[in-house]
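Q: Handing you a structure now.
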Amino acid sequence: MPRMLRVQFAGAKYHVTVRGNARQNIFLLTEDRERFLLQLEESLDQYGVILFAYTLMSNHYHLLVETPRKNVSRFMQRLNTAYSLYFRVRHQRPGHTFQGRFGAKLVDGDSYLLGVTRYIHLNPVKTKTAEMMTRAERLDQLNKYRWSSYRGYVEKGRSEEFVDYRLRTLIGGRADTQPNRYRAFVTSKLLEDDEVLREAYQASRYAIGDDAFISDVEDRVNKHRKFSTPQDPDVAWPNGRAPEIEQIKHAVALRFRCSVEDMRKRGRAAAAAKSLAVGLSCRLSGLTRRQIGVAFGITGAAVSYQERLMIARAEASQKYAEVMQDITAALGGTSG
């Protein structure tokens with residue numbers, strides 16, 4: 001059977017699943033989970049990958065990520081290799097830690113993205129053990145589960161810096177009501193499966209979305225297989241040239257009615273514009289944070305900080321989020 005190909009393109013979003021070899025546990029101690037999350041954060045930063053949701057179970061984990069640099073394979077190789085090395089040494093377990101290649105299905109469409117976050121967050125209460133629980137018991141376990149991004153979605157003060165909570169805005173309503181609306185959305189499926197999402201998962205090995213998206217992905221994969229061997233590289237979709245930082249700066253400056261030079265200065269005058277320009281540069285330019293920092297006269301760490309500010313502003317202000325989407329679309333990118 002030919003190996004599972006990975007379809008890669010700038011702005012692609014994936015539901016990633018990784019299981020322990022022979023379904024063995026990959027997290028034995030609290031220390032293991034903490035180490036994995038540290039390595040996850042480092043890998044996200046190194047490869048410019050955006051994390052929307054995660055859950056760590058005993059013998060597998062789930063991620064929902066976006067890859068502005070079409071590099072999901074390199075990102076996952078770095079993450080799994082780093083954790084495998086740690087795990088084998090820490091627990092004196094030679095051999096493979098993970099079972100084969102990681103699973104990665106492309107996800108497209110707001111309803112499907114929201115559905116995947118719910119699926120990921122409900123994993124801790126969809127186990128064999130949980131089948132014997134009442135609804136109240138499942139709800140209690142979900143709210144207490146430490147090793148997922150769920151609490152950051154629904155509880156004030158639980159946000160994690162390496163998680164992008166932007167998809168929560170897809171639930172609609174005012175920003176202050178979205179955590180509770182998202183909580184209701186997730187808990188509506190505590191005792192039952194999401195049949196729409198189940199059908200979407202079963203429709204394709206490669207993609208989750210509407211019929212047109214799935215058909216497009218399947219056609220590209222089939223054409224690639226026709227003219228390749230199982231050992232050929234993964235499928236890389238051709239995409240337009242990434243916008244240059246100067247293009248991003250000028251687009252943002254025009255929208256905020258400030259100058260490009262204002263965004264290199266300290267102070268509040270162009271603070272919102274600066275965070276947007278830096279954040280969009282991280283997502284659209286394909287450059288490293290160090291290179292982006294040079295362009296803005298700041299450090300790589302400050303670039304990461306400005307990107308987080310952009311996310312926070314977009315979550316707090318619908319107008320800011322719309323401006324971010326408009327500029328992204330004008331530059332030929334994808335805002336998610």
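The values are calculated or read from the model by the stated rules, or taken from the named source; none is laboratory data. Note that this is a predicted model, so its numbers are computed, not measured. Cβ placement follows ideal geometry from the backbone for every residue including glycine, while neighbour counts extend to all protein chains displayed.
Q: Within the stretch 158-168, count every residue that is outside any helix (DSSP H, G or I) and among the aliphatic types (A, V, I, L, M).
A: Number satisfying all stated conditions: 1.
Q: Let me ask something additional. Restricting attention to the stretch 38-59, report how many residues are surrounded by fewer than 22 Cβ atoms within 10 Å (Cβ to Cβ), over 18 Å from Gln77 (Cβ atoms) and among the small types (Gly, Ala, Ser).
A: 1
One line per residue, one yes/no per condition, for (1) of a type outside the set (A, V, I, L, M, F, W, C); (2) assigned to a helix (DSSP H, G or I):
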| site | (1), (2) |
| --- | --- |
| Asn143 | yes, yes |
| Arg151 | yes, yes |
| Lys156 | yes, no |
| Leu170 | no, yes |
| Gly173 | yes, no |
| Tyr182 | yes, yes |
| Lys189 | yes, no |
| Asp193 | yes, no |
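Q: Given the condition modelled with pLDDT of 80 or more, in contact with a helix residue (DSSP H, G or I) (Cβ under 6 Å, 6 or more places away or on another chain) and over 30 Å from Tyr14 (Cα atoms), answer yes or no: does some residue in the stretch 262-271 qualify?
A: The answer is yes; a qualifying residue exists.
Q: Cβ contacts < 7 Å: first residue without any contact (Cβ under 8 Å) to a residue 60 or more places away in the chain, restricted to the stretch 120-149; second residue not in a helix (DSSP H, G or I) and not β-branched (Val, Ile, Thr), any location; separation 6+ or different chain. Result?
A: That search, which allows pairs on different chains as well, returns Arg135/Leu190; Arg135/Leu191; Arg138/Leu190; Leu139/Leu190.
Q: Quick one: would you say Arg6 is more than 26 Å from Ile208 (Cβ to Cβ) and out of contact with any His (no Cβ under 9 Å at 6 or more places or on another chain)?
A: no
Q: A further question follows. Which ones in the stretch 94-117 are among the aromatic types (Phe, Trp, Tyr) and part of a loop (DSSP other than H, G, I, E, B)?
A: Correct list: Phe102 only.
Q: Quick check: anything in the stretch 83-90 surrounded by fewer than 21 Cβ atoms within 10 Å (Cβ to Cβ), touching a residue at least 12 places away in the same chain (Cβ under 8 Å) and under 29 Å from Val154 (Cβ atoms)?
A: Among the residues of the stretch 83-90, not one is surrounded by fewer than 21 Cβ atoms within 10 Å (Cβ to Cβ), touching a residue at least 12 places away in the same chain (Cβ under 8 Å) and under 29 Å from Val154 (Cβ atoms), which makes the answer no.
Q: Same structure, new question: Against the definition (of a type in the set (Phe, Trp, Tyr) and either closer than 20 Å to Tyr119 by Cβ or touching a Gly at 6+ places or on another chain (Cβ under 8 Å) (or both)), how does Tyr47 come out, yes or no?
A: Spelling it out, it is not the case that Tyr47 is of a type in the set (Phe, Trp, Tyr) and either closer than 20 Å to Tyr119 by Cβ or touching a Gly at 6+ places or on another chain (Cβ under 8 Å) (or both).
Q: Working only within the stretch 47-93, note down all residues that are among the β-branched types (Val, Ile, Thr) and not in a loop (DSSP other than H, G, I, E, B).
A: Ile50, Thr55, Val65, Thr67, Val72, Thr81, Val89
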